[in-house]
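Following: one structure in structure tokens, then a few remarks.
The values are calculated or read from the model by the stated rules, or taken from the named source; none is laboratory data. Bear in mind that the values here come from a model prediction, so they are computed numbers and not experimental data. Cβ placement follows ideal geometry from the backbone for every residue including glycine, while neighbour counts extend to all protein chains displayed.
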Amino acid sequence: MLYSKELMEANYLTRHPRIKDAFQFGIFILLVAIGTILINAFVFRSFSVLGPSMESTMYTGDRLIVNRIPVTMAQLKNQPYTPERGQIIVFKNPRYVAGEPDEYIVKRVIAFAGERVTVKDGVVTVYNAAHTDGFRPDDATKGPGSPTSGEVDMTVPDGTLFVCGDHRQGNYSYDSRSGLGTIPLFDVIGPVSARIWPLTSITFY
């Protein structure tokens, strides 16, 4: 009788171990989901490359890890995140149309707000206060192909970036030269920190 009394006084989950197990499993799944959302929002995200615009630096099917921490830190300071020149970044396509595959795009940072960018005779040149005669950003970066197609002469608007793919001949890269326009800083997801697939091409940036 003592055992039966203790059993009657036990809580519902103790008297129904299968329901208890299911409840605990549900809590575990919920915590994993919340953790995944927080990691994607504030720590890192993963993206796959689609298309030839970043060849020969990256190829279709490459899996990238994007570092969200610099963006998160800037947001905590109530400041826009600004990547470094020459960095490869992923950003939300400011011209994205629902249903299209290119919601997120990977490109290389070329110029910042207030800088003049020209593309002439296949060469990209950037002019700013420190380089009034202009400089070629590609000279300091491995990866971009040459020559660069198109004719450009513009000043980058406030709060935006001028970006290009690394495959710059013809129409292989849809970027700031070829109709995409400049990229608002608030659309930047973060800099690419690593390529983790394929395993034979793991690279850290």
* To do: Enumerate the pairs (first residue in segment 94-120 and within 15 Å of residue 176 (Cβ to Cβ); second residue anywhere and outside any loop (DSSP other than H, G, I, E, B) and small (Gly, Ala, Ser)) with beta-carbon separation below 7 Å, excluding pairs fewer than 6 apart on the same chain, so at least 6 apart or on different chains.
  => 117/111
* Asked: Looking at (1) on the phi > 0 side of the Ramachandran plot; (2) touching a helix residue (DSSP H, G or I) at 6+ places or on another chain (Cβ under 6 Å), which is the only condition residue 144 fails?
  -> (1)
* To do: Report whether or not residue 153 is at pLDDT 95 or above and either in a loop (DSSP other than H, G, I, E, B) or small (Gly, Ala, Ser) (or both).
  => no
* To do: Mind listing just one residue for me: the one in segment 48-68 that is out of contact with any strand residue (DSSP E or B) (no Cβ under 7 Å at 6 or more places or on another chain) and surrounded by fewer than 14 Cβ atoms within 10 Å (Cβ to Cβ) and, of those, nearest to residue 163 (Cα to Cα)?
  => 56
* Asked: Given (1) hydrophobic (A, V, I, L, M, F, W, C); (2) under 26 Å from residue 66 (Cα atoms); (3) not in a loop (DSSP other than H, G, I, E, B), where does residue 97 come up short, assuming only one miss?
  -> (3)
* Structure fact -> Of the candidates 61, 86, the one satisfying the condition of being at pLDDT 95 or above and in contact with a helix residue (DSSP H, G or I) (Cβ under 7 Å, 6 or more places away or on another chain) is 86
* Is it the case that segment 151-162 has a residue that's among the acidic types (Asp, Glu) and crowded, with 20+ Cβ neighbours inside 10 Å? -> no
* Asked: Can you tell me which residue in segment 162-201 is nearest to residue 144 (Cα to Cα), limited to those that are in a helix (DSSP H, G or I) and in contact (Cβ under 8 Å) with a residue 60 or more places away in the chain?
  -> 201
* To do: Can you tell me which residue within segment 115-140, out of those that are in contact with a strand residue (DSSP E or B) (Cβ under 7 Å, 6 or more places away or on another chain) and assigned to a loop (DSSP other than H, G, I, E, B), is surrounded by the fewest Cβ atoms within 10 Å (Cβ to Cβ)?
  => 136
